[in-house]
Ligand code: SF4
């Protein structure tokens, strides 16, 4: 199976969310945070289109790649779940490396707060990522959806009503 950036991101947030996403159950278009994030992506840096390339390779899609400096720019709405965003960016760097691009680096960008966070790939992630891939494949191919996690982050999740309806 092709593992996407969202698979990696959701794997680090909630295995139920990962399973729902992979199995085509989606509420992405109606959730306010997602709509806000999409708008942010389209408007944060309107001048970028000429400088950056969209890259689609091995199931991943990188919206803003600087081929000259080999830098991935990943735009996020907030840094609340930054560990998952960092993991997603590590995965993009790993896939680029796996396809022969030497020494790519990444930058997480938060336009609302004007913050940036540089991300590089180390041997720690190179060793961990095949394990993430195996674990993701195992989770998403299970016949049953993993249980809810009952964490504060659930209130910001697009699956919140689906998960907690009736409670
Ligand atoms: S609402 Fe919570 S339990 Fe449900 S998918 Fe989202 S993060 Fe997971």
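Results, tabulated for the structure shown:
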| read-out | value |
| --- | --- |
| Qualifying residue in the stretch 104-111 (condition: at pLDDT 95 or above, within 16 Å of the ligand (Cβ to nearest atom), closer than 16 Å to residue 12 by Cβ and crowded, with 17+ Cβ neighbours inside 10 Å) | no |
| The stretch 1-35, residues that are in a helix (DSSP H, G or I), modelled with pLDDT under 95 and touching a helix residue (DSSP H, G or I) at 6+ places or on another chain (Cβ under 7 Å) | 33 |
| Verdict on residue 147 being touching a residue at least 24 places away in the same chain (Cβ under 8 Å) and either over 23 Å from residue 76 (Cβ atoms) or away from the ligand (no atom under 16 Å from the Cβ) (or both) | yes |
| Selection from the stretch 54-102 of residues that are in contact with a strand residue (DSSP E or B) (Cβ under 9 Å, 6 or more places away or on another chain) and at positive phi | 70 |
| Residue, farthest from the ligand (Cβ to nearest atom), within the stretch 153-167, restricted to residues that are within 16 Å of residue 12 (Cβ to Cβ) and outside any loop (DSSP other than H, G, I, E, B) | 156 |
| Strands (runs of 3 or more DSSP E) lying entirely in the stretch 54-126 (those with 1 or more residues that are under 16 Å from residue 6 (Cα atoms) and in contact with a helix residue (DSSP H, G or I) (Cβ under 8 Å, 6 or more places away or on another chain)) | 60-66, 71-75, 105-110 |
| Filter result for residue 125 (closer than 13 Å to residue 91 by Cβ and surrounded by fewer than 14 Cβ atoms within 10 Å (Cβ to Cβ)) | no |
| Residues located in the stretch 136-167, provided they are under 18 Å from residue 84 (Cα atoms), surrounded by 12 or more Cβ atoms within 10 Å (Cβ to Cβ) and out of contact with any helix residue (DSSP H, G or I) (no Cβ under 7 Å at 6 or more places or on another chain) | 137, 153 |
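The values are calculated or read from the model by the stated rules, or taken from the named source; none is laboratory data. Values in this document were obtained by computation on a predicted structure and should not be read as measured data. As a convention, Cβ positions derive from the backbone with ideal geometry for all residues, glycine included, and neighbour counts pool all protein chains shown.
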